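The numbers here are math on the coordinates, done by the rules we state, and not lab data. Keep in mind the model is a prediction, meaning the values are calculated, not measured. All Cβ positions, glycine included, derive from the backbone under ideal geometry; neighbour counts span all protein chains shown.
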Amino acid sequence: MKSLGSRIGASRPAPLAEQWIEVHMKRNSLVVVVACLGAFWATPGYAAEGFSANMRQRPSAALRVSGVPIHSAKLIHRVYELAGFRPLWDPSRVSALETAIDGLSRDGLTPSEYRFDAAAALLVKQRAGALSDSERVDLELLLWEGYIRAVYNLAFGKVDATSLDPDINFTRNFSGRDPAPDLLAAIKSGKIADIFDRVRPQPTGYEAMRGALARYRAYQEAGGWQPIAAGKTLEVGALGPRVVALRERLRATGDFSGVAAEPQLFDADLEAAVKGYQRRVGLDVDGVVGPGTLRELNIPVQERIDQIRVNLERQRWILHEVYDELIVVDVAGFEILWIKGPDVLWRAKVQVGKEYTSSPLFKAEIEQVVFNPSWTIPPGIMRRSIVPKLKKNPNYLQEKGFLLLTQDGKEVDPATVDFSALKGFPYIVRQPPGPNNALGLVKFLFPNPHFVFLHDTNHRDLFDRRTRTFSSGCIRLEHPFDLAERLLAGQGGWTRAKIDEVVASGKTKTVNLEHKMRIVIAYHTVVVRDGRVQFREDVYDRDGKLLEALDGPFRVRRKDAESPLGVS
């Protein structure tokens with residue numbers, strides 16, 4: 001990581017500075033920067049009219065400094081207006097900024113991205129006493145730009161989620177409040193990191209994920225782990241050096257901590273450790289190291305670190321909003337959770353969309369519960385599945401018990417329609433309520449443009465599978481009536497007995513919720529549960545694209561193009 005003063009060798013320092021560097025060269029490069037800046041701020045006239053006049057003349061838009069785009073120019077100008085256009089970055093504040101930026105590595109961000117070569121070059125030049133007023137202003141602008149970019153990335157995420165997936169709607173808008181007074185107060189107090197702490201997601205899950213990142217970086221610093229050689233399946237009773245390698249691999253991540261009486265023997269203690277590891281990474285738990293478990297064990301520590309960084313970014317997208325209660329569908333984890341504050345009140349398995357009909361990620365509000373629902377087939381499924389089958393078999397609808405309707409709901413006899421001659425499809429296809437309905441006996445509606453909702457299913461055997469990507473995008477629930485009972489508790493006498501009575505009637509019944517419930521459909525390939533880091537399969541291959549963007553250049557989100565970095 002390159003600090004603001006890490007390139008001081010670019011030109012020869014003044015004699016005194018050269019001696020100082022020789023004595024202290026093993027210390028943090030920031031100390032060099034601060035020593036240099038001491039001379040900088042001691043220069044007569046630095047805070048005089050020259051700096052003020054030059055700062056006033058700088059444009060508050062489309063500003064670049066030594067090739068660096070100052071995205072936050074408008075906001076920086078506001079800060080200096082409040083400060084009377086006086087210089088703000090004294091040595092102690094630069095030191096605090098450096099420390100705060102170093103701390104961003106714990107968030108999975110890259111500190112060097114918030115420092116600029118141009119700033120380092122200016123520090124070298126000022127040490128020689130050669131800075132003009134204009135260059136002094138340049139230096140302050142570059143320090144501010146790095147600081148505000150870091151604040152922006154912590155508050156909203158570095159990656160524009162909609163650039164990866166236009167369906168995502170849970171990234172936040174600016175509040176409209178002018179952040180300039182808060183930034184000025186932070187720098188005047190010298191508590192630069194306070195703003196970082198304020199804009200980080202506050203839920204404990206984010207801090208737990210930061211802890212997971214630190215833990216895996218510690219594993220890396222300790223040497224990581226060596227891959228286990230390919231070979232026969234390892235299970236209780238196996239002998240040999242691969243068993244030794246397995247035990248050491250599990251020891252490296254704390255999954256095994258015992259002392260083996262016979263290191264080359266796969267014993268019951270090692271089996272228990274393998275089961276714990278399999279549970280932690282979402283594998284079938286059998287205590288046997290076959291190809292799948294071996295593949296997971298051999299994932300390098302750097303890949304695990306990157307996976308955690310990616311999921312910290314996802315949390316920056318969604319964890320800033322504060323909810324008393326909400327429902328989270330974790331697509332990659334194949335589960336649904338009812339969360340209140342820090343507590344999980346209820347959890348169940350789900351089935352989600354196939355890879356090519358992936359469940360979209362978004363937030364909404366559950367408004368209705370429908371018992372004995374019919375199913376109006378969404379346009380995407382009509383186009384991909386139903387229409388081609390109808391053209392091959394005109395009796396398909398009758399065989400499946402589906403109804404053919406006009407757009408205004410009038411029933412049409414399928415025998416009167418030549419499906420092979422249709423250019424478009426001007427009809428609606430609906431499956432009536434019943435035990436064979438694809439939605440089961442209850443569904444939960446939340447308005448969204450994707451025709452996605454939660455529902456029961458008549459494919460209950462699939463909940464026993466580890467990977468549950470079976471639907472056309474909707475979320476199938478393992479225990480839908482438990483959810484219905486919770487959502488309707490305290491509303492109009494809706495007890496479990498009443499629910500069962502309505503379902504037994506076979507009649508469709510729609511119930512509007514008196515209190516809408518927020519739902520977030522999210523995607524996490526790493527979570528921390530009870531202090532243990534759990535990894536999940538990236539079933540939709542989303543991690544790689546997000547990592548590439550996370551390691552890419554700084555960008556302002558599309559939605560912020562007209563209001564750079566929070567100034568509205």
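With the gyration tensor restricted to C-alpha atoms of the range 322-545, the semi-axes of the equivalent ellipsoid amount to 32, 23, 14 Å, longest first.
Taking label points 7 Å from Cα along the Cα-to-Cβ direction, ASN436 and GLU49 give a separation of 9.1 nm. Using 0.36 nm per residue and subtracting the Cα-Cα separation, the extra length available between SER175 and LYS275 on full extension is 31.3 nm. Principal-axis analysis of the Cα atoms of the chain puts helix 241-252 at an angle of about 70° to the longest axis. The residue among ILE336, LEU319, GLY276 whose Cα reaches farthest toward the positive pole of the charge dipole of the chain, with charges on the beta-carbon of Lys, Arg, Asp and Glu, is LEU319.
Counted over all Cα-Cα pairs of the range 159-275, pairs farther apart than 20 Å make up 66 percent.
Just to confirm my numbers, what's the Cα centroid distance between the range 385-461 and the range 81-140 in Å? If we compute the Cα centre of each part, the gap is 63 Å. Helix 133-156 and the longest principal axis of the Cα set of the chain meet at an angle near 20°.
Note on ALA83 and VAL417: the extension gain reaches 112.7 nm, defined as 0.36 nm multiplied by sequence separation minus the Cα-Cα distance. Multiplying the residue separation of ASP284 and LEU345 by 0.36 nm and subtracting their alpha-carbon distance yields 19.4 nm.
Structure note, pairs LYS340/LYS516; LYS74/LYS125; LYS389/LYS423; LYS158/LYS559; LYS158/LYS354: Cα-Cα distances above 20 angstrom occur for LYS74/LYS125; LYS158/LYS354. Rounded to the nearest 10 degrees, the inclination of helix 73-82 to the longest alpha-carbon principal axis of the chain is 60 degrees.
Put the Cα centre of the range 240-255 next to the Cα centre of the range 340-378 and the gap is 40 Å.
Between LYS392 and GLN57, how high is the FRET efficiency from 1/(1 + (r/R0)^6) when r is the Cβ-Cβ distance and R₀ = 60 Å? Nearest 0.05. After rounding to 0.05, the efficiency reads 0.25. The largest-to-smallest principal axis extents of the Cα set in the chain are 93, 69, 51 Å.
Using 14 Å as the cut-off for backbone N distance, which residues of the range 229-243 belong to the label zone defined by a point 7 Å from the Cα of GLN264 along Cα→Cβ? Backbone N within reach: 238-243.
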